[in-house]
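Okay, so here's the structure we're looking at.
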Amino acid sequence: MKISIFGTGYVGLVTGACLANLGHNVLCIDIDENKIIQLKNGVVPFYEPGLKELITKNMGRNRLFFSTDCQEGANFGEVIFNCVGTPSKEDGSAKLDYVFNVAKDVARYSQGYKLLINKSTVPPGTARKCQKTIIEINPNSEVEVASNPEFLKEGNAVHDFTHPDKIIIGVKSDKSAEIIKQVYAGLMRPYLKFLVTNWETSEMSKYANNSFLATKISFINEIANICDLVGADIKEVSQAIGMDYRISPKFLNAGTGYGGSCFPKDIKAICATAKEQGYRSKLLEEVHQLNERQKLVLLPKINFVYPDLKEKKLAIWGLSFKPKTDDIRDSCSLSVIKELLKSGAKINVYDPEAIDNIKEIFGEQINYFNSPEAAAKGTDGIILVTEWDEFRNINLKGIGETMLAKKMFDGRNIYNPNYLREIGFEYFGVGRK
Ligand SMILES: NC(=O)c1ccc[n+]([C@@H]2O[C@H](COP(=O)([O-])OP(=O)(O)OC[C@H]3O[C@@H](n4cnc5c(N)ncnc54)[C@H](O)[C@@H]3O)[C@@H](O)[C@H]2O)c1
């Protein structure tokens, strides 16, 4: 099948590469010329495990192409995926201009029947508005709109796309549902859950999914903060409640809150959608506020040890919003660095993939290192923000000997406090001592 993809970000590029790998002919379009030049030269503009190999292989097999020409994109595919960004506006609502720009291009330039599938996360009602926009621009258009939200996780995106738990589609006709089934035929397994529903339900499912997960994280963080006060251990509390099959152990790791390009913006967007309808989602508004507070949960612990941070130097390990990505959008590290800079601390940072992105924000205000050992040397403490695997079994004993003061502020509770104390560290976790 011939497929066009608009947007070559984390979702569009993964979708394009994976669909090409299933045997489809895929043309990926982006308005960012630099990205397309890089991609044509085999350079992947961001870090996502396994993606470069997939792109190189499918470009080599003449199944994956790149262009900045929206007209070409609108004409090429029988199926067109809309994978452009939907960032937050000032008021928290989703900025849908990019999504509608694609719908307009497809209305203007395409001929014959086309299926435009919104994969971007968009508020309920967007597919309906896209369909209306298309008819307004071109009353003879045969473009049909569908919704197919994406549930992949950065850092595991290729695997998630090729092994989905579920595929949710919102359609107006049986014909479009059949076409989407053909697109994904290569992924179909007897156990794969495939839900066909209407536009709004499909769109809402994505927000409900992310809102639930974000709520679970804020819930366990709230319990962790209480554990801190009463001397309980959050790791064991999480284990205890995770044994209840109605709860499950997933998403029960307390820490410095969630970040990334999805949870924060999606929670704000669904709150804004509810508000437009005259309803205040107090629960979800609070989930967002709690998370903002949680990002700075280590600060009082650092201030307890160092009431004056002016002459202190601290190492931050992990900058991306989670391991295995270079994405720093809404990352907890940004909040921590900003606060520490305000209090006059000197900051050394290390991350396996996200250094260049952080440099664009903080420039010469902080110091960059290419190993965790180098970042920690001569500092008054380590703040672990992102739990990359390479930090888990690192030689803390050796590193401690190079530090001015052995303090560990473990924002993801990855270390054993007893072991750290044994090797001379003072240990501070989130919800555990
Ligand atoms: N990143 C994730 O993990 C993830 C997971 C699931 C869903 N989503 C959703 O998918 C959507 C895309 O997210 P992302 O992280 O891939 O975004 P991104 O910001 O990484 O990429 C979006 C791309 O769209 C391009 N673009 C904008 N307008 C365009 C146009 N008219 N034509 C062609 N390209 C255009 C931009 O230049 C950019 O490269 C968002 O709605 C997001 O919420 C993201």
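Each value in this text was obtained by applying a stated rule to the coordinates, not by laboratory testing. Note that this is a predicted model, so its numbers are computed, not measured. As a convention, Cβ positions derive from the backbone with ideal geometry for all residues, glycine included, and neighbour counts pool all protein chains shown.
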**Asked** What dipole magnitude, in Debye to the nearest 20, does the stretch 257-332 give about its Cα centre under +1 on Lys/Arg Cβ and -1 on Asp/Glu Cβ?
**Response** 140 debye
**Asked** Can you give the angle from 0 to 90° between the axis of helix 199-230 and the longest principal axis of the chain, with both taken from C-alpha atoms, to the nearest 10?
**Response** 10 degrees
**Fill in**
With Rh as the Kirkwood radius over Cα pairs, the stretch 299-428 has Rg/Rh of 0.93
**Message:** Over all directions, how big on average is the projection of the convex hull of the alpha-carbon atoms in the chain, in square nanometres?
**Reply:** 22.1 nm²
**Message:** So for each of 268-281, 285-298 I average, over its residues, the number of other beta carbons within 10 Å; can you give me the resulting order with the highest mean first?
**Reply:** 285-298, 268-281
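Using a ≥ b ≥ c from the Cα gyration tensor of the stretch 2-197 (square roots of the eigenvalues), is it rounded, prolate or oblate, where a/c under 1.5 gives rounded and otherwise the larger of a/b and b/c decides, a/b for prolate?
Cα axes put the stretch 2-197 in the rounded bin.
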**Prompt:** How large is the helix-only mean residue ellipticity at 222 nm for the chain, computed as the sum of -39500 (n - 2.57) over DSSP H runs with n ≥ 4, divided by its residue count, in deg cm²/dmol to the nearest 500?
**Reply:** -13000 deg cm²/dmol
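If packing is taken as the average count of other Cβ atoms within 10 Å, what order do 234-241, 77-84 fall into, highest mean first? Numbers along the way, then the final one.
Numbers: 234-241: 17.1, 77-84: 25.6.
Per-residue mean Cβ counts within 10 Å order the peptides as 77-84, 234-241.
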**Asked** How far is helix 174-183 tilted, in degrees, relative to the longest principal axis of the Cα atoms in the chain, given as a value from 0 to 90 rounded to the nearest 10?
**Response** 60 degrees
**Message:** If you wrap a convex hull around the alpha carbons of the stretch 227-365, what volume per residue comes out, as a whole number of Å³?
**Reply:** 153 Å³
**Cβ charges +1 (Lys, Arg) and -1 (Asp, Glu), total dipole of the chain, debye** = 480 debye
**Prompt:** Which of the listed residues, 43, 66, 99, is farthest toward the dipole's positive end in the stretch 42-101, when Lys, Arg count +1 and Asp, Glu count -1 at the beta-carbon?
**Reply:** 43
**Asked** Using the Cα atoms of the stretch 207-294 to build a convex hull, what is its mean projected area in square nanometres?
**Response** 6.0 nm²
**Request:** Report, in whole Å, the centroid distance computed from the Cα atoms of the stretch 1-65 and the stretch 248-312.
**Result:** 33 Å
**Request:** List the relative contact order of the chain as a percent without decimals, with contacts defined as Cα pairs under 8 Å and 6+ residues apart.
**Result:** 12 percent
**Message:** Whole-Hz ³J(HN,Hα) for each residue in the stretch 105-114, computed from phi via Karplus 6.51 cos²θ - 1.76 cosθ + 1.60 with θ = phi - 60°, x for glycine and proline: what do you get?
**Reply:** 4, 5, 5, 6, 9, 8, 10, x, 6, 9
**Item:** Rounded tilt (10° steps) of 332-342 against the dominant C-alpha axis of the chain
**Value:** 50 degrees
**Request:** Check cross-link reach from residue 40 to the lysines: straight Cα distance under 21 Å, and skip same-chain residues fewer than eight apart.
**Result:** 2, 52, 57
